[in-house]
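Chemist: Take a look at this one; I'll ask things after.
Where a number appears in this text, it was derived from the coordinates with a stated rule and is not lab data. None of the values given here were measured: they were computed from a predicted structure. For neighbour counting, all protein chains shown are included, and Cβ atoms are generated from backbone atoms with ideal geometry for every residue, glycine included.
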Amino acid sequence: MTTRRTIIKSLGLLAGATLLGGAKGVFAMANREDGWFMPDEGDPHQCTWMAFGASRKIWGKKLLPEVQRNLVTIALTIAKYEPVSMLVRQSDLPLAQRLMGDKVELIVCPLDDLWMRDTGPVFVVTENDDKAGVDFNFNGWGEKQDFDYDAKVASFVAQRADVRRVQTELILEGGGIEVDGHGTAIITESCVLNENRNPGLNKAQCEQELKRLLGLEKIIWLPGIKGKDITDGHTDFYARFARPGVVVAGHDPDPESFDHAVTKRHLEILRTATDAEGSQLEVVALEAPSRVREQFASDDFAAGYINFYVCNGAVIAPEFGDPRTDAAAKRQLQRVFPGREVVQINIDGIAAGGGGIHCTTQQEPKV
């Protein structure tokens, strides 16, 4: 089954541009001088955006009801801490209303799938309380899945949120970007530097544009891995900032897993890395579960704890039915997110499609 994620369209801000070599044309000059930056996910949110977008065409008859239940569980759990705005097809509106009532704002919008992290805008702000949404030209993770409707989600959400839509020629997904809100990002090369997203662009060109768009000063590049899942190895399945200077990273201890070598290499890179301020990173490793519940186990099953979501006052994280690693993940998350409640939920349907909680959400920062 084709599984995870979607992306968007993008950039045009300020005057003054410089021509970069390669196939992509013109990128505008500047980065932090413009004042725009992507906040840390742990900063206060205006709301969380989601999409009730699972379809039988993509998910299949057996998995669809469970995936819809998982989306409802995620939305209602987050809604205890902050508002949730959920896009929904007109045909699915009665079901969504029955399952969520008035606890979630439902907004009718055409959709292909449910991965708001990748299809929604990446919100940026300024110190003067301006807010915008960067549209990164979602192309179905390199045209692996239909994306006609989802390519328009970033623009739709930006308009609905009443913020400026920032465009770029870069093609990538929100799940491929992790920032600390203080100038440092972690990004996987396997996504952003992939020919199926940005052919003809080299790392320096991508880095210049990402720094401009997101207010970055330093990017820590992880290799990631191509072709093993539909996203080509998104960052949010490998490494996340808990706060500036502290990174939570995944470790797959199974030597038979394709993720074993890549997670080991990521840990090596992160443990020797410094952030934009020159400080050594503290790296906390979360071991993947050794087993999952049988009902939805599959080769696509995304069994890892890194794809958690940080909302106002809480961390929403998965549990997979492995008592040892479930408990260890909760303890570690509680330690690195002091003052937040760590809530673990069952998302087996979504995980069976190769995704997680973070993939289904997109935070809109509060200014």
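Chemist: What does the extension gain come out to for residue 61 and residue 327, with contour length at 0.36 nm per residue minus their alpha carbon separation?
Modeler: Working: separation 266, 0.36 × 266 = 95.76 nm, distance 3.25 nm.
My answer for the length gained is 92.5 nm.
Chemist: Rank these for me by crowding, 124, 342, going from fewest to most other beta carbons within 10 Å. Could you put the intermediate results ahead of the total?
Modeler: On the way: 124 24, 342 18.
In increasing order of surrounding Cβ atoms, one gets 342, 124.
Chemist: Output the relative contact order of the chain, whole-number percent, from Cα pairs under 8 angstrom with separation of 6+ residues. Could the numbers behind the result be given before it?
Modeler: Details: 892 pairs, mean separation 85.4, N = 367.
Result for the chain is 23 percent.
Chemist: Taking Rh as the Kirkwood radius, which is the inverse of the mean 1/r over Cα pairs, what is the Rg/Rh value for the range 184-294? Kindly include the intermediate steps, with their values, before the conclusion.
Modeler: On the way: Rg = 14.6 Å, Rh = 14.8 Å.
Result: Rg/Rh = 0.98.
Chemist: Leaving out same-chain residues fewer than 8 places away, which lysines sit with a Cα under 29 Å from that of residue 131?
Modeler: Counting by Cα, and skipping residues close in sequence, residue 131 has these lysines nearby: 9, 24, 80, 103, 152, 203, 211, 218, 366.
Chemist: While we're here: Which whole-Hz ³J(HN,Hα) couplings does the range 337-350 yield from phi under the Karplus relation 6.51 cos²θ - 1.76 cosθ + 1.60, θ = phi - 60°, glycine and proline marked x?
Modeler: 10, x, x, 10, 7, 9, 10, 9, 9, 8, 10, 4, x, 5
Chemist: Ok, one more. Quick check on the range 129-210: what does the Kirkwood estimate of hydrodynamic radius come out to from the alpha carbon pairs, in Å?
Modeler: Numbers: mean 1/r = 0.0728 Å⁻¹.
This gives a value of 13.7 Å.
Chemist: If the viscosity is 1.002 mPa s and the temperature 20 °C, what Stokes-Einstein diffusion coefficient in µm²/s follows for the chain when Rh is the Kirkwood radius over Cα pairs?
Modeler: For the chosen part, D equals 106 µm²/s.
Chemist: Hey, another quick one. Using the number of other C-beta atoms within 10 angstrom as an exposure proxy, rank 320, 258 with the fewest first.
Modeler: 258, 320
Chemist: Also, I was wondering about something else. For each of 163, 134, count neighbouring Cβ atoms within 10 Å of the residue's Cβ, then give the residues from fewest to most.
Modeler: On the way: 163 19, 134 29.
Least crowded to most crowded, the residues run 163, 134.
Chemist: Roughly what would the spin-label model give for residue 228 and residue 298, points 7 Å off Cα along C-beta, in nm?
Modeler: About 1.9 nm separates the two model spin labels.
Chemist: Taking the Cβ of residue 79 as the center, what net charge do the other residues with Cβ under 13 Å away carry, scoring Lys and Arg +1 and Asp and Glu -1?
Modeler: Details: positive: 80, 103; negative: 82, 102, 105.
Residues near residue 79 contribute -1 overall.
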